[in-house]
Amino acid sequence: MAHIIALELTDEAYERLKQSADASQTTVEEILADNVDVVLGLTPHVEIDDYPRLSNQALWLIVAQPFSPADDTRMRELQQRERLSEPERVDLARLTTEFDRWVLRRSMALKTLSERDVDIRAYLLRD
């Protein structure tokens, strides 16, 4: 179920949203809804094609999302074994695919930020 709300924006905020909407061929409402979902963590896997519509803050949230610690532990455990059963091979393939998607999502969020002239060097050079 969706809810309609009235939102008061400054002219500057509206113009920035409108420019972003025009550039991505969508509506201001869709951009706002996408960003709210990301900020609230309701859409953990926003499509990469939608990244240009997201705010810088929403993109940084994607970058900051950790890979599941439980999945990371399980993947490392399976990678260290010499022999795997068929169900374990399937599980490792699934975990590897999830990890690859996580890396891609983060990389594309950083690329989008960089294309907006956001300085991502501090993030890339951290420990």
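The values are calculated or read from the model by the stated rules, or taken from the named source; none is laboratory data. These figures come from a predicted structure and were not determined experimentally. Note that we place each Cβ from the backbone using ideal geometry, even for glycine, and neighbour counts take in every protein chain shown.
One residue is enough: does segment 76-96 have a residue meeting the conditions free of Cβ contacts under 8 Å to residues at least 60 places away in the same chain, within 11 Å of the chain's Cα centre (by Cα) and in a helix (DSSP H, G or I)? No, that holds for no residue. The residues of segment 91-116 that are among the polar types (S, T, N, Q) and either loosely packed, with under 15 Cβ neighbours inside 10 Å or over 18 Å from residue 47 (Cβ atoms) (or both), listed by number, are 96, 97, 107, 114.
So which residues in segment 97-127 are among the hydrophobic types (A, V, I, L, M, F, W, C) and either in a helix (DSSP H, G or I) or over 18 Å from residue 61 (Cβ atoms) (or both)? Correct list: 99, 102, 103, 104, 108, 109, 110, 113, 122, 124, 125. Determine, yes or no, whether residue 25 is surrounded by 15 or more Cβ atoms within 10 Å (Cβ to Cβ), at pLDDT below 90 and among the polar types (S, T, N, Q). No. For residue 57, the test of being within 16 Å of the chain's Cα centre (by Cα), loosely packed, with under 12 Cβ neighbours inside 10 Å and free of Cβ contacts under 8 Å to residues at least 60 places away in the same chain is passed. Under the condition of being in contact (Cβ under 8 Å) with a residue 24 or more places away in the chain and among the hydroxyl-bearing types (Ser, Thr, Tyr), the residues counted in segment 97-113 number 1. Given the condition surrounded by fewer than 15 Cβ atoms within 10 Å (Cβ to Cβ), modelled with pLDDT of 85 or more and closer than 27 Å to residue 126 by Cβ, answer yes or no: does some residue in segment 38-51 qualify? No, segment 38-51 has no match at all. Each residue in segment 67-90 was checked for being over 29 Å from residue 49 (Cβ atoms) and either touching a helix residue (DSSP H, G or I) at 6+ places or on another chain (Cβ under 8 Å) or surrounded by 14 or more Cβ atoms within 10 Å (Cβ to Cβ) (or both), and 6 pass.
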